[in-house]
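Contents: one structure, followed by commentary.
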Amino acid sequence: MSAARQVVQRILAGREFQANGTAKAYAPANIALVKYWGKRDEALNLPVTGSLSISLGPLGSHVELARAESAGDRVWLNGQPLPADSSFARRASAFLDLFRPAKDFGFALKARNTVPTAAGFASSASGFAALAKAADGLFGWGLAARELSILARLGSGSAARSLADGFVEWQAGTAADGLDSFAERLDAEWPELRVGAVVLCSDEKPVGSREGMKRSVETCEFYREWPGRVARDLAALKTAIAKKNFAALGEVAEGNALAMHALMAATLPPIVYALPETVAAMRTIWTAREAGLALWFTMDAGPNVKLLFEAKDESRVREIFPAVEVVAPFG
Ligand code: PMV
C-alpha cells in the first residue's frame with residue numbers, strides 16, 4: 001500500500017466508504033506570503049518549512065462528487081467532459097485513488113473554477129482542497145478541518161492551506177507520517193487588504209513546482225539558508241498581521257518571494273520564471289513605491305506578479321496596471 005494511502009487509512013480510523021448521493025464542496029485558492037519551496041517527503045508532500053498564505057475568498061473551486069454508474073471516473077471541468085487521459089482528469093483520478101473503496105468504484109466529478117484560469121492564480125490548491133471536502137461529504141466521514149488539510153496536502157502541498165479563509169499557516173511538522181503537518185486559520189481580519197493579479201504570460205510553466213523544488217533541495221547551495229530565512233519571515237509576518245502594519249507585511253512578502261526566486265536561479269540546471277515583462281513590472285512597482293505608493297508584490301512558480309495593496313490605493317494601482325484583476329480576500 002502506498003504511503004499516502006496508509007495516511008488516509010490512519011485518518012479514517014475505521015470509518016466506512018458508503019457513498020451517499022452527491023456531495024458538493026467549495027474551497028478558495030490561496031497565495032503564499034511566506035512560501036513553501038522544498039519537501040522533506042516527496043510521497044506525502046511534507047514541506048521542509050512552514051508557510052503562510054492568504055485565501056482568495058470567492059476565487060476557488062466548486063466540486064460535485066458522486067459515485068459513477070460504472071467503473072472508471074467521469075470528469076467534467078467548467079461544464080465540459082474531459083478525456084480520461086487529460087492532465088486534469090489524470091491528477092484528479094490519482095488523488096481519488098486514495099479514497100476509492102474498490103477498483104470497480106468510479107467517481108463522477110464535476111469541477112468548476114471561479115479562479116479565472118488566465119489570471120495566473122493556481123487552481124490546483126483549491127481543487128484538491130474542495131475534492132478532499134467533497135470525499136468527506138460523499139462518504140459521510142465528518143472529518144475535522146485539520147484532517148481535511150492533511151488529505152488535501154496529499155494532492156498538492158499548497159492545497160493544505162485552502163481549507164480555511166483569511167490568513168492560513170501551514171505547520172511543517174516533524175512526524176514521518178505527516179499527521180502534524182496541516183494548516184490552520186490565524187485569528188486575524190484585514191478587510192482593507194487587496195491582492196491584484198497581473199497576468200504577463202499564461203503559457204504553461206517550463207518547470208513544474210514538484211520538479212523545481214526537488215531540484216533546488218538537491219542542488220542549490222543556498223538551500224540550507226532557506227529554513228532560517230522562512231522562520232524569520234514567518235515571525236515578522238505574524239507580527240505585521242497582528243499589528244496590521246501593511247508596509248511590514250508587504251516587505252516580508254516581497255522579500256520572501258524574491259529570496260525563493262533567488263534559490264530557484266541558483267538551482268542546477270537554473271530555474272528562472274521571470275520574463276522581461278516580469279522584471280519591468282517589478283521596476284514599475286519599485287518606482288511607484290519610491291513615489292510614496294504602498295504597493296508590494298509576490299510571485300509563485302511562474303512569470304506573473306501578484307500585487308499587494310490596500311483598498312484606499314486601488315484606483316492608483318489600476319492606473320498603473322489597467323489589466324489588474326483585484327481580489328478582496330476578506331470580502
Ligand atoms: O503545492 P505546489 O506543489 O503547487 O507548490 C506551490 C509552490 C509555490 O506556489 C511556489 C509556493 C507556495 O507556497 O504556494
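If packing is taken as the average count of other Cβ atoms within 10 Å, what order do 292-303, 39-50 fall into, highest mean first?
Ranking the peptides 292-303, 39-50 by packing returns 292-303, 39-50.
What is the distance in Å between the Cα centres of the stretch 122-139 and the stretch 41-77?
4 Å
Bin by bin, in steps of 5 Å, what percent of the Cα pairs in the stretch 53-145 do you find, going until the bin that has the longest distance?
With a bin width of 5 Å, the distribution comes to 3, 13, 25, 26, 18, 11, 4, 1.
Quick check on packing: order 177-184, 159-166, 7-14 by the mean number of other C-beta atoms within 10 Å, highest mean leading.
159-166, 177-184, 7-14
Taking 32 Å as the cut-off for C-alpha to C-alpha distance, list the pairs among Lys110/Lys312; Lys103/Lys306; Lys214/Lys306; Lys214/Lys312; Lys35/Lys103; Lys110/Lys243 that go past it.
Lys110/Lys312; Lys103/Lys306; Lys214/Lys312; Lys35/Lys103; Lys110/Lys243
Please compute the net charge surrounding Ala266, taking Lys and Arg as +1 and Asp and Glu as -1 over other residues with Cβ under 14 Å from its Cβ.
Taking every Cβ under 14 Å from that of Ala266, the sum is 0.
Roughly speaking, what is the centre-to-centre gap between the stretch 303-331 and the stretch 192-237 when only Cα atoms are used, to the nearest Å?
Rounded to whole Å, the Cα centres lie 21 Å apart.
Working from the pairwise distances between different alpha carbons, so that the mean of 1/r is found and then inverted, what is the chain's Kirkwood radius in Å?
Hydrodynamic radius (Kirkwood, Cα only) of the chain equals 20.3 Å.
Counting other Cβ atoms within 10 Å, keep those with at most 14, restrict to DSSP loop, and tell me which GluC sites (Glu not before Pro) in the stretch 205-240 are left.
Those that pass, being in a loop and sparsely packed, are Glu221.
Using the Cα gyration tensor of the stretch 186-259, with a ≥ b ≥ c the square roots of its eigenvalues, what is the shape: rounded (a/c below 1.5), prolate (a/b larger than b/c) or oblate (neither)?
oblate
Every number here is computed from the coordinates shown, using simple stated rules; none is lab data. If you're wondering where the values come from, they're calculated on a predicted model, not measured in any experiment. Because the Cβ atoms are built from the backbone with ideal geometry, glycine has one as well, and the counts that use them run over all protein chains shown.
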